[in-house]
Amino acid sequence: MVRPECLKVLAAHRTNEIVVSIFKPAFEWRVISPSDLNYTFINAMGQIASHGLGLALAFPERRIIVLDGDGSLLMNLGCLVTIAHVAPRNLIHFVCDNGVYETTGGQPTPGSGQISLAGFARAAGYPLVHEFDDLVEFERALPELLTAEGPVFADLKVVQGTEPYPEEWEAVFSKERQRAFKRAALSSL
C-alpha cells in the first residue's frame, strides 16, 4: 500500500478524532486532513504512542488515533505493554510499516521482514490487532476499527515514500499550532 492513499481513506472516515502523528505520516496527514485536532510532533522518535496514550487518558470522551512509524515504534516497544495494560477504550494505534527509517534516509529497521509488529501488539495484550497490505481490505475494515472498543492496533504494510521533508516543516510544530490544538481539544470538555 502507499501511505498517503491509506491516510486519504482514513481521512474520509474521520469525524472529530484527535490524530496524533510523527515524522512522515504527520507531514502527509496535515495536508490530507488539516484540523486543529491534529497533534503533530517531531524529535520524539519512539514516543508518539505514549503521547497518544496520554491524550486518550486526558480525553476519554474522544477517539484518539495514533499514526506511528515502524522505526519509531521499535524504539519503544514497551509502550505496547503499557497501552495494553492501561487499556484505553478510545485509542486506535496505526503503524505505517515500511521496513525502513524513512525520515533519516531509508536505513532498514532492525528485523525488517523477520518480525511482526502485530505479533508484538498481540503478545503485549492488545485485544484487537490487525494487519493490512491491501487498501480495499483496509477501507472495508476501517469503520469497525474506528468504533471498536480499544485499544486497537493496526499494522499498515506500506511502501517507502519518495517525498522529501517540506521546507517549512518547523511551521507544522509551531507554538501557534500547539495552542490551536489545545483550544480545539479542550472545547469539547
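The values are calculated or read from the model by the stated rules, or taken from the named source; none is laboratory data. Model, not experiment: these values are computed from the prediction. Virtual Cβ from ideal backbone geometry, glycine too; neighbours counted across all protein chains shown.
Taken together, the residues in segment 145-155 that are under 14 Å from Thr15 (Cα atoms) and not hydrophobic (A, V, I, L, M, F, W, C) amount to 1.
Among residues of segment 15-52 being crowded, with 18+ Cβ neighbours inside 10 Å and charged (D, E, K, R), the one that is nearest to Ala185 (Cα to Cα) is Glu17. The number of residues in segment 80-110 being out of contact with any strand residue (DSSP E or B) (no Cβ under 8 Å at 6 or more places or on another chain) and either under 23 Å from Phe27 (Cα atoms) or modelled with pLDDT under 95 (or both) comes to 3. Filtered by the rule that a residue be surrounded by 14 or more Cβ atoms within 10 Å (Cβ to Cβ), small (Gly, Ala, Ser) and at negative phi, segment 81-122 gives Ala84, Ser112, Ser116, Ala118, Ala121. Looking across Ala185, Ala121, Ala154, one residue alone is at pLDDT below 95 and under 18 Å from the mean Cα position of the chain (by Cα). It is Ala185. For Val19, the test of being in contact with a His (Cβ under 6 Å, 6 or more places away or on another chain), closer than 24 Å to Val136 by Cα and not in a helix (DSSP H, G or I) is failed. Given the criterion under 22 Å from Gln47 (Cβ atoms), of a type in the set (Asp, Glu) and under 18 Å from the mean Cα position of the chain (by Cα), identify the matching residue among Glu131, Glu149, Glu102, Glu139. Just a single option satisfies the conditions, and that option is Glu102.
Scanning segment 76-134 for residues that are basic (Lys, Arg) and in contact with a Gly (Cβ under 7 Å, 6 or more places away or on another chain) yields a count of 1. When Glu170, Glu144, Glu163 are screened for being assigned to a helix (DSSP H, G or I), charged (D, E, K, R) and modelled with pLDDT under 80, only Glu170 passes. Consider segment 59-80 and keep the residues that are farther than 22 Å from Ile18 by Cα and surrounded by fewer than 19 Cβ atoms within 10 Å (Cβ to Cβ). The one that is farthest from the chain's Cα centre (by Cα) is Gly78. When segment 55-85 is filtered for residues that are of a type in the set (Val, Ile, Thr) and either within 24 Å of Ala184 (Cβ to Cβ) or not in a helix (DSSP H, G or I) (or both), the ones remaining, listed by number, are Ile64, Ile65, Val66, Ile83. For Val2, the conditions (1) more than 23 Å from Arg183 (Cα to Cα); (2) buried (at least 17 other Cβ atoms within 10 Å of the Cβ) are fulfilled apart from (2).
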